[in-house]
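Report on one structure; see the data block that follows.
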Amino acid sequence: MANVLIIGCGGREHALAWKFSQSPSISKVFTSPQNATEYSCGNEIANLDDIEIIKNFCQKYSIKLVVIGPEKQICDGWTEALSEDTKVFAPSQKASQIEASKSFAKDFMKTQEIPTAEYKTFSYITDAAEYIQNSNFSTFVIKEDGLCAGKGVYIMNTKEEAQKKLYSLNVSSDTPIIIEEFLEGFEISALCFSDGKNIQLMPFSQDHKRAFEGDRGENTGGMGAIAPLFLAESTEKKVKEILQKTIDALQEQGAEYKGVLYAGLMITKDGPKVLEYNCRFGDPETQVLLRLLNSDFYQICMACCDGTLDKFEIEWSNKCAIGFVVASNGYPGSFIKGADITDIPVDTDDTVTFYAGIKKSENGILKNSGGRVLCVTSIGKSFYDAKTKALEGVEKIKFSEKFYRRDIGRFVMSKRNPLSYESAGVNITEGNDLIDSIKFACKETLIPGTDQIGGFGALIDLNKAGFTDPLLVLGMDGVGTKLEVASEIKNFSSLGYDLVGMCVNDVLCHGAAPLAFLDYYVTGKLKKEEAAEVICGIAKACKEAGAALVGGETAEMPGVYGPNQWDLAGCCIGAKEREWPAIPEYDNIRIDDIIIGITSNGLHSNGFSLVRKIFKENCIAYDKPTPWNANQTFGDELLKPTKIYIKPLLQLVTSHQIKALAHITGGGLTENVPRILPKTLSAEIDCKNLHILDIFKWLQKAGDIQAKEMFRTFNCGVGMVAVVDAIKSSHVLAEIEKAGIHAYEMGKICKKPENGDSIILHHVEDVFDFGDAGVVQQKRANVAIFISGTGSNMINLINQASNPSSYSNIRLVICNRPEAHGLERAREKGIEAICIPHGDDRHAFEDKIHQELIKRDIDFICLAGFMRILTGEFTQKWINRIINIHPSILPSFKGAHAVKLALEAGVKVTGCTAHFVSEEVDAGKIIAQEVVAVEEKDDEKTLHSKIQEKEHLMFPKVMEIVAKSIVCGI
């Protein structure tokens, strides 16, 4: 029986001690210095800077193995110093340079041709500043060279930000910095055991380094982690090659590496690239990885020390693990120490809490002593299962300074690209390009008095046109796909306000008063009650805006529009006296003018193509209550009418209080504000000043939309923007508030940077936070997909399960053909995929499959192009838990030639059937069916293709039906 000493007392070291305590070879485990855990060696090791104290402790307690947790002691040469008395699980001081010096590590990678980001090292600020100024990088990564406790890395989005950060650092020949390109992709942690020659990979994991949800805020030592992470086989092979190459190259340089090698990698479109090396276990990756380790940890460490790792087979659990760091509020900056911590959950088989920055007072009360205080870890049959358990533990903890991220695992549990307006079928860039392409053609049609295109309306000078004195302003717009939401809810009362508001607010941006309005209502089949509700709403809105509803057109166009299709458009005619200000006053807008944000009523009438896509992908009904107001449905929120700004703002315009107005419609702040600015000036807006409504926070979270895309698509709570003189700002704000509309200062006008943008948004990433958005369905059924080929239908199932509200978790893909492309496609999606060749023994083949399913807690199976008939013995084990799609309307045309049989029978309709697999072929309980028409021109190929289209649409829905029945016990 051996005694083990672990140097360090953080969350990583507590996890190491916890794992060692499970070894039958261990008598006693010690951690140092003193901490709040049961493994503390008390006051005997109070100073981790004194190696002699450690040596004496090892001799006193006959320590057989020392594990050095922190990087400082490894880099100071403690491995060599302690190896005289005991075995040490840590690399040599020379090998540890790959962490101790980032410049050494980068040069090492370059020499060894290990893929990494393009970089340059600097010892002088002036050289670094010149490099930044002349660089083609759009985003900069600045790294301090030495040990920085997991920090010391700064991501700067502009040259100006990079220069500012540069001059806040201490740069010299002793403390150089590295400036490197920002790599696009997703980050993973790749750890391996090493005995100096051989390596064995641990499961890949993923740390969450940024402080706030949505990967915002400063870099930390890590706010949580998940494991295992599954990569494409080709990527996994390259990662293993990188780690082995690193060990081999160090060995050749006389730098023996025994212990744990940690590589932080970015998986880019060009393959994996190394971001950094650590010469020890990572934190918080260690806490989740050790939850999955089934082998004797002590024996693994001894094998590494003895150089016999290649003789040792390491076993890992097939569970999923997740860890949530509970930090002190303010971390990674300053924070309050000494706050009481109570109600830490008791450890169970599923959930274990590891101590880090925590101390026990003399009276036994636990108090925070560091930035990262606890790490609550859970294992489960899926990440959703593990996350639910871990969060239950986190939420029980009572700690006044408690701070944590709820979105740990967000990348793995989403498995999809962030949504954007373009993904919903609306391309803002294409629209801008269209305007540029038609400007010349439109310009040729202009007559005297009409000299604008691309503004919020069309300004017409009747005097120049040969008429009398007044100026007319025309504005035309529609309601867009908000109509679809209204049609589904059967509520049309607010659409009139949307139509009128969109037009009159545009006219207002030219300083005009609305005079008259015309509408156009077109449908495939007129429903007078609905039409009347819409047009009455238009009349009410016109009255509020002070415009006469002078006419319109109601058109019924069957054949062009379907019976349930319709559209709505309108035109506002406005007028202004010639002496009124001609806004925007381009020549009068000055640096330091104030930008005022005037609140919206909600979404108004823009971005609904993306909104509907988010609701569809999350399977959320419009009649569901909103998470922020249980008395209001999503439908109520989405149909809030466009706010009409005429009354409070027109008087301020005519009295020369406002220099410019921008109506924030499609394109958001990003596209609309620049339209009112001179070419030499920019709008500088601090997004932290914005009063962003809950609906926009929810949409960002539910759609996983990038913050920049939010400001480019939605009004985000700002319906109108005004530019005013700083002296007049207070008066303008007061007048708007009098009208019952909230307004506030949101930024100022500044000089446009060279080659810069017309709008500069600060703190874009820091303003959207809505927890789990009320849409993440944590409890899910574990699904295995069986394939034999490319897995085309498999991808549809994976995409369906990526929706936050799905009841399905694709846990495993099994293929019986090693050459099948579907295996790699699954791994590229982050799904564990294994090949079990079918061989000649059906029973042995199915027994292997059954064992793999049991190991991963699979609830049911989807056959997606699996070209093997399962035996009755197997189907009985999984009765009513195997789904198949058959290409006919069962019970007609069973068997492998269903399409051919349908054609031979001369049927006019066939289709596909989703059913449970039973011992008898195509005879299991039917779940759903879809019909396909058989046309005279159809042959076996064309008919099969049509049926397959239906199968691809139906299978994800059927998977959800079965998963929901399991999860909800239906």
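None of the figures in this text is laboratory data; all of them are computed from the coordinates on show. In this text, all values refer to a predicted model and were calculated from it rather than measured experimentally. Glycine gets a Cβ as well: all are built from the backbone with ideal geometry, and neighbour counts include every protein chain shown.
Whole-Hz ³J(HN,Hα) for each residue in the stretch 222-228, computed from phi via Karplus 6.51 cos²θ - 1.76 cosθ + 1.60 with θ = phi - 60°, x for glycine and proline: what do you get?
Residue by residue, the stretch 222-228 yields x, 9, x, 8, 9, 6, x Hz.
Using Stokes-Einstein with the Kirkwood hydrodynamic radius over Cα pairs, what translational diffusion coefficient do you get for the stretch 681-832 at 25 °C and a viscosity of 0.890 mPa s, in µm²/s rounded to a whole number?
126
Restricting attention to the stretch 755-858, which GluC sites (Glu not before Pro) occupy a DSSP loop and are surrounded by at most 12 other Cβ atoms within 10 Å?
Glu819
Using the Karplus curve 6.51 cos²θ - 1.76 cosθ + 1.60 with θ = phi - 60°, what ³J(HN,Hα) values do you get for each residue of the stretch 546-563, in whole Hz, with x for Gly and Pro?
Ordered by residue, 3J(HN,Hα) equals x, 10, 7, 7, 8, x, x, 9, 10, 10, 10, 10, x, x, 8, 10, x, x Hz.
In debye, nearest 20, what is the charge dipole magnitude of the chain about its Cα centre with +1 on Lys and Arg Cβ and -1 on Asp and Glu Cβ, if you could check?
In total the dipole reaches around 1280 debye.
Kindly state, as a whole number, the per residue volume in cubic angstrom of the convex hull around the alpha carbon atoms of the stretch 319-405.
80
State the percent of C-alpha pairs, over all pairs in the chain, separated by a distance greater than 52 angstrom.
31
Can you work out the PRE-style zone for Val931? Point 7 Å along Cα to Cβ, and I want the residues of the stretch 888-912 with backbone N under 19 Å.
Within reach of a label on Val931: 888-893, 899, 902-903, 905-912.
Please report the spacing between the Cα centers of the stretch 248-265 and the stretch 475-545 in Å, no decimals.
A separation of 68 Å, based on Cα centres.
Around Leu471, which amide H atoms from residues at least 5 apart in sequence, or from another chain, sit under 5 Å from its own amide H, with H modelled in the peptide plane?
Sorted by chain and number, the residues that satisfy this are Lys576, Arg578.
Counting Lys and Arg as +1 and Asp and Glu as -1, each charge on the Cβ, what is the dipole of the stretch 319-405 about the Cα centre in debye, to the nearest 20?
Using Cβ point charges on Lys, Arg, Asp and Glu, the stretch 319-405 gives about 260 debye.
Within the stretch 737-763, which residues have the backbone N less than 16 Å from the label spot 7 Å out from Arg590 along Cα→beta-carbon, could you tell me?
Under 16 Å, as judged by backbone N against the label point of Arg590, lie 748-751 of the stretch 737-763.
I'd like the chymotrypsin sites (Phe, Trp or Tyr not before Pro) in the stretch 850-909 restricted to DSSP loop residues with at most 14 other Cβ atoms within 10 Å, sorted by number.
none
If you count the DSSP beta bridges with both ends in the chain, what percent of them are antiparallel, to the nearest 5?
Counting only bridges with both partners in the chain, antiparallel ones make up about 75 percent.
So, counting K/R as plus one and D/E as minus one, what does the shell of residues with Cβ under 12 Å around Arg842 add up to?
Summing Lys/Arg as +1 and Asp/Glu as -1 gives -3.
When the Cα centres of the stretch 1-39 and the stretch 295-369 are compared, how far apart do they sit, in Å?
11
Of Tyr744, Leu201, Val352, which is farthest on the positive side of the dipole of the chain, counting Cα position, with +1 on Lys and Arg Cβ, -1 on Asp and Glu Cβ, and the Cα centre as origin?
Going by the charge dipole, the pick is Val352.
Note the angle between two axes, namely the Cα long axis of helix 51-60 and the longest principal axis of the Cα atoms of the chain, as a number of degrees from 0 to 90, rounded to the nearest 10.
50
Which value in nm describes the separation of the simple spin-label points at Arg868 and Tyr561, placed 7 Å from the Cα toward the beta carbon?
A separation of 5.6 nm, rounded to one decimal place.
Only bridges whose two residues both fall in the stretch 781-968 count here: according to DSSP, what percent of them are antiparallel, nearest 5?
Of all bridge pairs located within the stretch 781-968, approximately 40 percent are antiparallel.
Per residue of the stretch 604-613, what does 6.51 cos²θ - 1.76 cosθ + 1.60 with θ = phi - 60° give for ³J(HN,Hα)? Whole Hz please, x for Gly and Pro, Karplus curve as stated.
6, 9, 9, x, 6, 5, 6, 4, 5, 5
By the scheme Lys and Arg +1, Asp and Glu -1, what is the net charge of all other residues having a beta-carbon under 12 Å from that of Ser205?
With Lys, Arg at +1 and Asp, Glu at -1, the neighbours total -3.
Return the calculated 222 nm mean residue ellipticity for the chain, to the nearest 500 deg cm²/dmol, obtained by summing -39500 (n - 2.57) across DSSP H runs with n ≥ 4 and dividing by the residue count.
-9500 deg cm²/dmol
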